[in-house]
Amino acid sequence: MSPAYEAVIGIECHVELKTATKMFCGCPNAFGGEPNTKICPVCLGMPGALPVPNAYAIELIVTTGLALGASIPDFSKFDRKNYFYPDMPKDYQISQYDMPLTVGGAVKYWLEDGTTKECRLTRIHLEEDTGKSTHAGSGDGRIAGSEYSLLDFNRAGVPLMECVSEPELRSPQEAIAYLESLRRTLLALGVSDVKMEEGSLRCDANVSVRLAGSTELGTKTEIKNMNSFRSVERAIASEIERQIEVLTSGGRVVQETRGWDEVNGVTHSMRSKEEAHDYRYFPDPDLVPLEISRIDVDRLRTTLPALPWQRFERYTAAYGLGAKQATQLIDNRSLGTYFDRVVECSGNPQQSSNFVLGDLARLANESGVAVGDSQVLPEHLAELIGLVEGKRINSTTAKALVERMWNGAGSPAAIVEREGLAQTSDPATIEPLVDEVLAAHAAVVADYRAGKTNVMGFLVGQVMKASRGKANPALVNDLVREKLSR
Amino acid sequence: MSVPMDARIEKTASEIAADVRARRLSAVEVTEATLAHVEAVDGLIGSYLTVLSDAAREHAARVDERIRNGESLSLAGVPLAVKDNMCLESTRTTCGSKILEHWIAPYTATAVARLLDAGAVPIGKANCDEFAMGSSCENSALEVTRNPYDTSRVPGGSSGGSAAAVAAYEAAIGLGSDTGGSIREPGAFCNLVGFKPTYGRVSRYGLIAFASSLDQIGPLARTVEDAALVYDAMAGYDPMDATSIERAVEPAAGALLDDLKGVRIGIVRDFDTGALGADLDALYRQAYRDLEQLGAELVEVTLPTADYGVPTYYLIAPAECSSNLARFDGVRYGLRVDGEDVRAMYDNTRAAGFGPEVKRRILIGTYALSSGYYDAYYVRAQKARTLIARDFERAFARCDLIACPAASCTAFEFAAKSDPYSMYLMDYYTIPMSLAGLPALSVPCGWSRPEGGAVPMPVGLQLCTPLFGERLLLGAAHAYERATRHASARKPLAQEARA
């Protein structure tokens, strides 16, 4: 990107809510299945059928709003968005126009280098999903040139959250980081599966560019058809590049909807603003206005779990972990929960992270057993960390013990006690061993004295071996160096 | 043509149900007699779009069995005409439209299901103005329905088929839907009690929507008591309709009044019956005096914004219908007329499937909701609606019940109201109550021979109460009906019997 320009990006997400039933009827809300098997007169828009709202879906939106610091108005309502589309059964979508369930709020996110930022939200509202069209006969599945279309209404009426951000993102990387954070938050709240590949998370990006330092917004385009985070990143980058090229070559960006072409890595024009619909929004007369009770809002507030960005701040700022470690713990739910428990018992986040993300994660990978399900109780790991901290055992012993604990050995303190594995920090015990080793490897000692100081590690290792691993490595180190330098 | 009448079908619903419950009469007998009568007269009257002979016989047999099993059914064996904008599973449900001419409903409307559960027997699906849009039944794309009291005249609308069926003894009770007067006006035109309950009292689930915020199902019956029986059987909360009201229904049939002592009745100063002609003016003045005779205290009330009822209604109702009728697109059900692409298919289907009045309202409504016009039309109409409702609130501070005309004339001849606006004005007296969501009914209050008419035609008095005042409304109407007995002055089909 030319340094003279900066990008302005806003993201609009559609998220399918994880409810048992659809938004306005009792049909199951589940991905896939034989086409047109999860349908009824209501979600098919049969004549005379009426919608009845799913209270749990409304709660999920309010919960999300609370987690993101949005305000929850006392009143809300559903509106009809009118337009014709074959996979939309009523030829209008029940949505929310001017009184969304939540207003404002922000998604706090972090970049790979650990920098934290936030992007404010315009609103979050609730609507119903459409069915799915499959265009046949065109070869490429597109509508152009197709002979007929098949309609599957299993998805029609699934509750859908629309989350609209302010145009506050400045790069494709920020856009992805924003999406990642939103996705983590929704997962933590149990609001959605947020799987882009199954369509439970879909997003469009509004992109414009302007001269750096300008406060006015440039003309934006809306990018659609992005089906992975990677394609969101590529599409935005490509669109920024295209717009800068248009502007630097003296052209004008046209306000339009553009589709992302994954194969060719470019966006192409879909429809311009001039063809934009007049959706004729009006309050849905089949649904009464919603009064959101403060009691319900307060109750939902108490159910909020620790949010990903809060955990990130705790892990990095309070615990001093790196951004990568912190992210790893946040993204692996069972690892994160386990880690939190270990820290709680040990009070040592750095060591906890080393063991959990190091030895335990490796053992989990090798065995296919999740850390949380393993035989290593968080309390036992904390005990082990305590033994290391108190210099009762050294790291070699600790590693060996973790391995044994994984296999069901139980309390590490008990093993250390039983097997006399406690670390020896008594010079009177270690010094004779050092003397023995130096005497046995006179040639190596000579090398050292001749300037090959890297043989020191070998000598230390020999002493450790002679102590059957129990010697305090720091003390061994000191003694070996001292004797060699004599 | 002379129609031999069968005494069994001249009975009221209440009498039929009592006889069937007491096993003096079987539901099958009543059903067979009714079907035979339909066979004899419906060629002339045209009440039904579909006669449900097989389903009726099956239902009747089941009712008899349930009676034998000791069940007590409030509508045991009562022949029912269902307006064809209500779904009845596995039967054709057309809305009087070509676009649904061959559509078979996959489920049953709650109101219909409740009546069937109470023992009613569905005789047929009754004609109506297309998608309930009209006041004469002439907008039906499928059939002409005639007024049983003068077949050169309309039965009223939009529930004209149900009204004609009940008036001509092709059913004992009829279900109609009232959006701006579609039960009350045909009730008045056909010498019946036409009752629109409070909005939200009767579930709309399965009623094919015209204007969702106004549509309300209600009965057409030959007596107030029958209307009350139907209301009691179908009113009440339905979890399938988010606008149905969760509030206990006080049964009305057991609370019918014999007099009106202590009831304050408001006469609306703004509704000058003098403008309706000397004949109707005299009838209404007499009706008000009769109410007073029954012990009511008459008070003058005013509804200053009622004049805005018709223009307000003709923005809100079309706006809602423009959206409600979008689903008839040829994609999933109903008529499909193919085209070059999906857009052309929509256009061709809707052009061929909808009649002129439906198209007119879709256009008006689309316009009223369009960007740039929404505030000027739809939003202002909603504000006017609120003002009209407040007028009623103020009036009801001074009275318990309002009495006024149910229609601005008696049943007119076919094609007499070819200009849409003159047809819209037919609902001048009924629309304000619809906009305010109030319960209202029309009850026969006399006969008037229209200019150039061969015979006198029935006239209806409209009564209206505050929200949820159904018990008083039906109770008072019963007292009036009992004291005046206007309905029995003439018999339907007399013209033909004479000929």
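Filter segment B:174-197 down to the residues that are within 14 Å of another protein chain (Cβ to nearest Cβ) and not aliphatic (A, V, I, L, M), then identify the one that is nearest to A:Met46 (Cα to Cα).
Per the stated criteria, the residue is B:Ser177.
Identify, by number, the condition in (1) exposed (fewer than 13 other Cβ atoms within 10 Å of the Cβ); (2) closer than 28 Å to A:Leu363 by Cα; (3) charged (D, E, K, R) that A:Arg333 doesn't meet.
(1)
Which one is modelled with the lowest pLDDT among residues in segment B:285-311 that are within 18 Å of B:Thr465 (Cα to Cα) and part of a helix (DSSP H, G or I)?
If we take residues in segment B:285-311 being within 18 Å of B:Thr465 (Cα to Cα) and part of a helix (DSSP H, G or I), then B:Ala306 is modelled with the lowest pLDDT.
Being among the acidic types (Asp, Glu) and in contact (Cβ under 8 Å) with a residue 12 or more places away in the chain is the filter; apply it to segment B:236-255 and report the residue that is farthest from the other protein chains (Cβ to nearest Cβ).
Top of the filtered list is B:Glu250.
With respect to the numbered conditions (1) assigned to a helix (DSSP H, G or I); (2) of a type in the set (Val, Ile, Thr); (3) without any contact (Cβ under 8 Å) to a residue 60 or more places away in the chain, which one is the sole condition not fulfilled by A:Thr396?
Evaluating A:Thr396 over (1) assigned to a helix (DSSP H, G or I); (2) of a type in the set (Val, Ile, Thr); (3) without any contact (Cβ under 8 Å) to a residue 60 or more places away in the chain leaves (3) as the failure.
Out of the residues in segment B:417-458 that are over 16 Å from the mean Cα position of the chain (by Cα) and among the polar types (S, T, N, Q), which is surrounded by the most Cβ atoms within 10 Å (Cβ to Cβ)?
The selected residue is B:Ser448.
Residue check, A:Arg271 against (1) over 30 Å from A:Asp98 (Cα atoms); (2) exposed (fewer than 15 other Cβ atoms within 10 Å of the Cβ); (3) out of contact with any His (no Cβ under 8 Å at 6 or more places or on another chain), all met but one. Which one?
Result: A:Arg271 fails condition (1) only.
Return the residue satisfying two criteria in turn: it lies in segment B:95-127 and is part of a loop (DSSP other than H, G, I, E, B), over 17 Å from the mean Cα position of the chain (by Cα) and more than 21 Å from A:Val42 (Cβ to Cβ), and of such residues it is nearest to the other protein chains (Cβ to nearest Cβ).
Restricting to residues being part of a loop (DSSP other than H, G, I, E, B), over 17 Å from the mean Cα position of the chain (by Cα) and more than 21 Å from A:Val42 (Cβ to Cβ), the top hit is B:Ser97.
In this structure, does A:Ser200 turn out to be within 17 Å of A:Val15 (Cα to Cα) and of a type outside the set (D, E, K, R)?
yes
Taking into account only those residues within segment B:328-375 that are outside any loop (DSSP other than H, G, I, E, B) and touching a Lys or Arg at 6+ places or on another chain (Cβ under 6 Å), which is farthest from the other protein chains (Cβ to nearest Cβ)?
My answer is B:Gly353.
I'm trying to understand the selection: among the residues of segment A:23-56, which are surrounded by 20 or more Cβ atoms within 10 Å (Cβ to Cβ) and away from chain B (no Cβ under 14 Å)?
A:Asn29, A:Lys38
Assuming B:Thr273 fulfils every condition listed in (1) at pLDDT 95 or above; (2) of a type in the set (Ser, Thr, Tyr); (3) closer than 30 Å to B:Pro420 by Cα apart from one, which condition is it?
In the conditions (1) at pLDDT 95 or above; (2) of a type in the set (Ser, Thr, Tyr); (3) closer than 30 Å to B:Pro420 by Cα, B:Thr273 misses (1) alone.
Looking at B:Ala171, B:Ala211, B:Ala233, which is the one that is more than 14 Å from every other protein chain (Cβ to nearest Cβ), under 26 Å from A:Leu50 (Cβ atoms) and not hydroxyl-bearing (Ser, Thr, Tyr)?
B:Ala233
For B:Gly446, only one of the following conditions fails: (1) within 14 Å of chain A (Cβ to nearest Cβ); (2) at positive phi. What is its number?
(1)
From B:Ala81, B:Ala60, B:Ala27, which residue is in contact with a Gly (Cβ under 7 Å, 6 or more places away or on another chain), closer than 23 Å to B:Tyr149 by Cβ and crowded, with 21+ Cβ neighbours inside 10 Å?
B:Ala81
From the list A:Glu127, A:Glu162, A:Glu174, A:Glu118, which one is assigned to a helix (DSSP H, G or I) and not hydrophobic (A, V, I, L, M, F, W, C)?
Every option except A:Glu174 fails the conditions.
In this structure, does B:Gly200 turn out to be surrounded by fewer than 24 Cβ atoms within 10 Å (Cβ to Cβ), closer than 26 Å to B:Tyr314 by Cα, small (Gly, Ala, Ser) and within 14 Å of chain A (Cβ to nearest Cβ)?
Spelling it out, B:Gly200 is indeed surrounded by fewer than 24 Cβ atoms within 10 Å (Cβ to Cβ), closer than 26 Å to B:Tyr314 by Cα, small (Gly, Ala, Ser) and within 14 Å of chain A (Cβ to nearest Cβ).
Going through segment A:77-114 one residue at a time, which ones are in a strand (DSSP E or B) and either among the hydrophobic types (A, V, I, L, M, F, W, C) or within 14 Å of another protein chain (Cβ to nearest Cβ) (or both)?
Correct list: A:Asp79, A:Arg80, A:Lys81, A:Asn82, A:Tyr92, A:Gln93, A:Ile94, A:Ser95, A:Val103, A:Ala106, A:Val107, A:Trp110.
Just to be sure I understand the filter: pairs with C-beta atoms under 7 Å, separated by 6 or more residues or on different chains, first member in segment A:353-370 and farther than 16 Å from A:Arg333 by Cα, second member among the charged types (D, E, K, R). Which pairs pass?
Partner pairs satisfying both residue conditions: A:Asp359/A:Lys399.
Collect the residues in segment B:79-93 that are more than 10 Å from chain A (Cβ to nearest Cβ) and either hydroxyl-bearing (Ser, Thr, Tyr) or within 13 Å of the chain's Cα centre (by Cα) (or both), keeping them in residue-number order.
B:Ala81, B:Val82, B:Lys83, B:Asp84, B:Ser90, B:Thr91
Read through the list (1) over 19 Å from B:Arg471 (Cα atoms); (2) at pLDDT 95 or above; (3) surrounded by fewer than 20 Cβ atoms within 10 Å (Cβ to Cβ), then give the number of the only condition that B:Ser408 fails.
Checking B:Ser408 against (1) over 19 Å from B:Arg471 (Cα atoms); (2) at pLDDT 95 or above; (3) surrounded by fewer than 20 Cβ atoms within 10 Å (Cβ to Cβ), the one that fails is (2).
Report, by residue number, each residue of segment A:283-341 that is among the hydroxyl-bearing types (Ser, Thr, Tyr) and farther than 30 Å from B:Ile245 by Cα.
Once the filter is applied, which keeps residues that are among the hydroxyl-bearing types (Ser, Thr, Tyr) and farther than 30 Å from B:Ile245 by Cα, segment A:283-341 yields A:Thr302, A:Thr303, A:Tyr315, A:Thr316, A:Tyr319, A:Thr327, A:Ser334, A:Thr337, A:Tyr338.
Let's see how each residue does on (1) modelled with pLDDT under 95; (2) touching a strand residue (DSSP E or B) at 6+ places or on another chain (Cβ under 6 Å):
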position	(1), (2)
A:Glu166	no, yes
A:Ser171	no, no
A:Glu180	no, no
A:Gly190	no, no
A:Ser214	yes, no
A:Glu241	no, no
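The values are calculated or read from the model by the stated rules, or taken from the named source; none is laboratory data. No experiment lies behind these values; they were computed from the predicted model shown. All Cβ positions, glycine included, derive from the backbone under ideal geometry; neighbour counts span all protein chains shown.
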